[in-house]
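In what follows, a single structure is set out as structure tokens and then discussed.
The values are calculated or read from the model by the stated rules, or taken from the named source; none is laboratory data. Here the structure is a predicted model, which means the values were calculated and not measured. Neighbour counts are summed over all protein chains in view; Cβ atoms, including those assigned to glycine, are modelled from backbone coordinates with ideal geometry. These accessible areas exclude ligands, DNA and RNA; they are computed on the full protein's heavy atoms, side chains included. Shrake-Rupley method; radii C 1.70, N 1.55, O 1.52, S 1.80 Å.
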Amino acid sequence: MKITSSGLKNGKFADRFGKRGTQFSPSGMPNYSIPLKIEDAPPGTKSFAIIMEDKDAIPVCGFSWIHWTVANLTTAELEENASQTRTDFVQGTNSRSGKLNGISIEEASCYGGMAPPDQPHVYEIHVYALDTLLDIQPGFYMNELYKKIQGHILANATLTGIYDN
């Protein structure tokens with residue numbers, strides 16, 4: 001399985017998908033999502049799950065920052081801004097929700113764009129081909145997604161890119 005993004009050029013994500021973009025949530029979170037294309041999914045794939053994270057955030061905030069969690073994606077392509085325009089997949093909450101940032105789970109259940117505060121960060125987009133649709137609700141947490149996909153992963157792949165601070 002292979003993942004590509006037209007929003008990634010020479011290993012770097014375009015400005016519009018993060019803090020230098022022009023689309024933001026009411027609380028100021030960049031939310032213009034990156035496009036993705038999944039190729040060569042194995043036979044029997046019924047859905048895809050996506051986790052986008054920033055492990056370079058660990059020295060800054062103490063944990064891997066979750067930017068996007070997606071479940072029950074049944075198409076192999078997401079266009080730019082699909083997080084805000086499509087309703088045919090389920091989105092979980094990103095790290096901007098909760099006590100740390102005070103953003104509601106509802107507002108944070110979408111793509112939360114890249115905004116490295118200290119240096120360029122490497123972002124990982126993990127895509128899992130699954131043999132089922134998941135019983136999962138909007139606003140789910142990443143750990144819930146990991147539990148639900150166990151025993152259903154047919155293939156997985158990771159796409160990485162850098163966003164400058």
Does the stretch 45-54 include one or more residues that are more than 28 Å from A155 (Cβ to Cβ), in contact (Cβ under 8 Å) with a residue 60 or more places away in the chain and part of a loop (DSSP other than H, G, I, E, B)? no
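Identify all residues within the stretch 2-26 that are on the phi < 0 side of the Ramachandran plot, part of a loop (DSSP other than H, G, I, E, B) and modelled with pLDDT of 95 or more; write none if there are none. Please lay out each step first, then the result.
Step one: filter the stretch 2-26 for residues on the phi < 0 side of the Ramachandran plot, giving 2-9, 12-26.
Restricting the remaining residues to those that are part of a loop (DSSP other than H, G, I, E, B) gives 5-7, 14, 19-23, 25-26.
Result: S5, S6, G7, A14, K19, R20, G21, T22, Q23.
So which of Y146, Y111 ends up being farther than 17 Å from R86 by Cβ and aromatic (F, W, Y)?
Going through Y146, Y111 in turn, just one is farther than 17 Å from R86 by Cβ and aromatic (F, W, Y): Y146.
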Of the residues D135, D118, only one is in a loop (DSSP other than H, G, I, E, B), open to solvent by 40 Å² or more (accessible area, probe 1.4 Å) and within 17 Å of G161 (Cα to Cα); which? D118
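Given the criterion β-branched (V, I, T), within 22 Å of S6 (Cβ to Cβ) and touching a helix residue (DSSP H, G or I) at 6+ places or on another chain (Cβ under 7 Å), identify the matching residue among T69, T75.
Just a single option satisfies the conditions, and that option is T69.
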Kindly list the number of the only condition in (1) within 13 Å of the chain's Cα centre (by Cα); (2) charged (D, E, K, R); (3) more than 16 Å from P30 (Cα to Cα) that fails for E80. (3)
Enumeration of residues in the stretch 26-58 that are surrounded by 14 or more Cβ atoms within 10 Å (Cβ to Cβ) and more than 16 Å from the chain's Cα centre (by Cα): A41, T45, K46
Is it the case that the stretch 27-42 has a residue that's in a helix (DSSP H, G or I), basic (K, R) and closer than 28 Å to N143 by Cβ? no
Of the conditions (1) of a type outside the set (F, W, Y); (2) more than 14 Å from the chain's Cα centre (by Cα); (3) at pLDDT below 95, S95 satisfies every one except a single condition; which number is it? (2)
Filtering the stretch 59-115 down to residues that are open to solvent by less than 60 Å² (accessible area, probe 1.4 Å), in contact (Cβ under 8 Å) with a residue 60 or more places away in the chain, not small (G, A, S) and not in a loop (DSSP other than H, G, I, E, B) yields I66, T69, N72, I103, E107, M114
